[in-house]
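Inspection log for the structure reproduced underneath, given as structure tokens.
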């Protein structure tokens, strides 16, 4: 069990835990529900290998549950969205954000970090990009904004990364040059975000920011893409 993303779902009055589970076929996405983190209703594998980096949206969209995940396909390592009537059977698979090509910080391989955040402007998503260099890979974080009613539509995507490994505990460890969040807490003011992340696969760390400032950064540093996803 690896990289759980936890989403509280008011309609179910439970927490949905999407996580990576491993079997002979490789990593897949599994789902479990809990109200107390003592007992769990395990749904088992819902996205077959090879798939990772999944999180459930906190509410239904157009009457269906929605989940972001990152399958490895012939198209590459892109972020997809899928829909379900019951959390068990998933379809309408659509690419929602593609890894860029070339020398970009998020070229060739991207994936969701923490669960999507609902804002008045859209679904704010923090994602990781992997840059492969001669000395190894660098994991950094970027921002994208998606339509509230059609989250497969990307409204804005930052060209630059916003958070990368800089501190010694982020640059040196079991896997160097990695910052990798799986969860966040939004404070009662609705703006302060506390982002919890793994550093160099050796430490746990926390960074504090402002949702309002993240959205403002996108307005300044991201073109309006208004791009539809590519259906499978």
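Computed values, structure above
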item: So residue 108, is it surrounded by fewer than 19 Cβ atoms within 10 Å (Cβ to Cβ) and closer than 16 Å to residue 70 by Cα; result: yes
item: Identity of the residue in the stretch 201-232, assigned to a loop (DSSP other than H, G, I, E, B) and closer than 26 Å to residue 80 by Cα, that ends up modelled with the highest pLDDT; result: 201
item: Within the stretch 130-177, considering residues that are touching a helix residue (DSSP H, G or I) at 6+ places or on another chain (Cβ under 7 Å) and either touching a residue at least 60 places away in the same chain (Cβ under 8 Å) or not in a loop (DSSP other than H, G, I, E, B) (or both), the one nearest to residue 53 (Cα to Cα); result: 143
item: Residue in the stretch 208-227 that is out of contact with any helix residue (DSSP H, G or I) (no Cβ under 9 Å at 6 or more places or on another chain), exposed (fewer than 15 other Cβ atoms within 10 Å of the Cβ) and more than 20 Å from residue 119 (Cβ to Cβ) present; result: no
item: Any hit, the stretch 62-72, residues being in contact (Cβ under 8 Å) with a residue 40 or more places away in the chain, surrounded by fewer than 18 Cβ atoms within 10 Å (Cβ to Cβ) and within 25 Å of residue 211 (Cβ to Cβ); result: yes
item: Test for residue 201: is it surrounded by fewer than 15 Cβ atoms within 10 Å (Cβ to Cβ) and more than 22 Å from residue 17 (Cα to Cα); result: no
item: Those strands (runs of 3 or more DSSP E) lying entirely in the stretch 1-82 with at least 3 residues over 23 Å from residue 119 (Cβ atoms); result: 2-9, 14-23, 26-34, 41-47, 65-73
item: Extreme residue, nearest to the chain's Cα centre (by Cα), among residues of the stretch 77-94 that are surrounded by 15 or more Cβ atoms within 10 Å (Cβ to Cβ) and closer than 21 Å to residue 26 by Cα; result: 79
item: Residue in the stretch 31-39 that is under 30 Å from residue 131 (Cβ atoms) and touching a strand residue (DSSP E or B) at 6+ places or on another chain (Cβ under 8 Å) present; result: no
item: Enumeration of residues in the stretch 165-198 that are closer than 18 Å to residue 143 by Cβ, crowded, with 17+ Cβ neighbours inside 10 Å and under 16 Å from the mean Cα position of the chain (by Cα); result: 179, 180, 181, 182, 183, 184, 193, 195, 197
item: Filtered residues of the stretch 83-129 (kept if outside any loop (DSSP other than H, G, I, E, B) and closer than 17 Å to residue 47 by Cβ); result: 83, 84, 91, 92, 93, 94, 95, 96, 97, 110, 111, 112
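The values are calculated or read from the model by the stated rules, or taken from the named source; none is laboratory data. Please read these numbers as outputs of a predicted model, since none were measured by experiment. For neighbour counting, all protein chains shown are included, and Cβ atoms are generated from backbone atoms with ideal geometry for every residue, glycine included.
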